[in-house]
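Here the structure is laid out as structure tokens; the discussion comes afterwards.
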Amino acid sequence: MSATAYEFYVRDSCGATDLSTWSGPYAFNTTLCDTSAQCSFDFDLYDSFGDGWNGGLINVVQSGVTLSTLGTNFTGGSADTNNMIDLCDGVPAYLIVSNPGAWSSEISFYATSFAGDTVVAYPASTGFSTGDTLAIFNVNCSFSCPYPLAPYTQSFDSASVPNCWSAYESAGSGWEFGQLGSADYAAANAAEQTGNGGYYAWIDFSSTDDSTSLESIPVDVSNLMTPALQFSLFSENTNSSDYNTLYVEAFDGSSWQLVDTLRGDLGGWQTFVYDISGFTKPVNLAHVRFRGESNGGNDFYNDLLIDDVMIMELPSCFAPSALGVVGVNNTSADVFWTTGGAANWDVQFGTTGFSLGSGTTVS
């Protein structure tokens with residue numbers, strides 16, 4: 001029978017009356033469903049104090065059967081990641097407290113599907129008790145969202161999370177989606193970036209934000225030679241020297257890997273490009289995440305904005321970045337930039353609002 005605990009014994013028969021003693025028992029459980037109807041989910045466990053779950057245990061249950069217990073081995077440290085559990089397709093999964101442990105208010109956890117989609121995000125809370133159901137999610141072992149074929153662009157054209165993207169956080173207000181002027185302080189002056197009415201994704205940082213994450217849909221990059229991630233970031237603070245951090249991450253098939261850490265004053269929108277060919281797993285899928293973290297102090301002065309996320313072919317000639325000017329007087333200014341790797345450049349300038357091609361070019 002399915003989902004049943006069995007045990008067996010065995011003995012040697014060396015003749016009609018020559019029998020060994022019994023060996024056993026050996027215990028095992030049959031699965032709730034056939035392995036062909038299962039898919040794996042990754043459960044990442046965290047403790048805000050950093051000393052493990054202190055006896056906290058959470059059962060993963062389908063059809064009334066406990067398939068696994070989270071926290072059994074989480075006896076120290078702040079994280080216990082990559083706990084892989086096979087679940088049955090089409091059967092709701094319940095996360096039920098078996099033992100709250102000594103400090104349940106420190107416990108948080110996340111569950112990620114085989115496709116890299118976050119299906120559960122449980123932040124540290126005021127605590128819980130034995131028998132509490134902390135989360136319920138539907139197990140879908142098929143792809144609920146068809147993977148778009150690269151090149152792919154997401155310019156956040158509405159005031160909600162894009163279809164098939166996911167947003168979640170451990171603390172704070174999370175990712176928001178708005179138009180020019182939605183963000184505060186220096187970010188209120190962010191210029192039009194896309195030509196879509198000024199929409200962008202942003203983090204407010206009015207309170208302490210923790211693990212504020214925005215995940216893309218996985219993108220099919222089978223037609224690209226060298227897959228790349230490109231996006232634009234706005235980060236300025238004209239009120240203090242406190243800056244929040246944006247972690248750029250990519251999924252490698254089992255966990256999120258750091259691509260870059262961005263923090264500081266960028267002087268307006270800046271575009272970043274990364275080679276992500278080493279992270280296209282499962283095969284030929286690019287899946288990226290933007291994670292914002294508060295840095296304390298007056299972090300509310302430094303809202304972070306992103307726009308124009310692209311999965312595309314890695315360019316052979318990178319665009320310059322970090323543009324700026326110094327030594328401005330009534331007739332001249334010294335311009336500077338960070339090179340994309342070239343040794344020669346073309347500079348074109350004109351009065352505000354001029355169209356490229358109509359300005360004055362200096363090579």
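The values are calculated or read from the model by the stated rules, or taken from the named source; none is laboratory data. Keep in mind it's a predicted model, so treat the numbers as computed, not measured. Virtual Cβ from ideal backbone geometry, glycine too; neighbours counted across all protein chains shown.
Overview of results
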item: Selection count, the stretch 126-176, where residues are in a strand (DSSP E or B) and among the charged types (D, E, K, R); result: 1
item: Which listed residue is surrounded by 16 or more Cβ atoms within 10 Å (Cβ to Cβ) and modelled with pLDDT under 90, from Leu57, Leu70, Leu32, Leu87; result: Leu32
item: Index of the failed condition, Arg289 passing every other in (1) buried (at least 16 other Cβ atoms within 10 Å of the Cβ); (2) not assigned by TED's automatic domain parsing to the domain that holds Ser240; result: (2)
item: Flag for Asn82 being within 19 Å of the chain's Cα centre (by Cα), outside any loop (DSSP other than H, G, I, E, B) and more than 18 Å from Leu57 (Cβ to Cβ); result: yes
item: Qualifying positions in the stretch 328-346 - part of a loop (DSSP other than H, G, I, E, B) and of a type outside the set (A, V, I, L, M, F, W, C); result: Asn329, Asn330, Thr331, Ser332, Thr339, Gly340, Gly341, Asn344, Asp346
item: Matching entry among Phe156, Phe74 (being within 21 Å of Gly50 (Cβ to Cβ) and aromatic (Phe, Trp, Tyr)); result: Phe74
item: Subset of the stretch 228-284 that is touching a helix residue (DSSP H, G or I) at 6+ places or on another chain (Cβ under 7 Å) and farther than 30 Å from Asp86 by Cα - its residue that is surrounded by the most Cβ atoms within 10 Å (Cβ to Cβ); result: Asn244
item: Which listed residue is under 15 Å from the mean Cα position of the chain (by Cα) and closer than 19 Å to Asp209 by Cβ, from Gly264, Gly292, Gly296; result: Gly292
item: Some residue of the stretch 100-111 being within 15 Å of the chain's Cα centre (by Cα), of a type in the set (A, V, I, L, M, F, W, C) and crowded, with 18+ Cβ neighbours inside 10 Å; result: yes
item: The stretch 145-156: number of residues that are farther than 14 Å from His287 by Cβ and loosely packed, with under 13 Cβ neighbours inside 10 Å; result: 1
item: Test: residue in the stretch 33-51 that is part of a strand (DSSP E or B) and touching a helix residue (DSSP H, G or I) at 6+ places or on another chain (Cβ under 7 Å); result: yes
item: Failed condition for Ala121, given (1) within 17 Å of the chain's Cα centre (by Cα); (2) assigned to a loop (DSSP other than H, G, I, E, B); (3) under 25 Å from Ala201 (Cα atoms); result: (2)
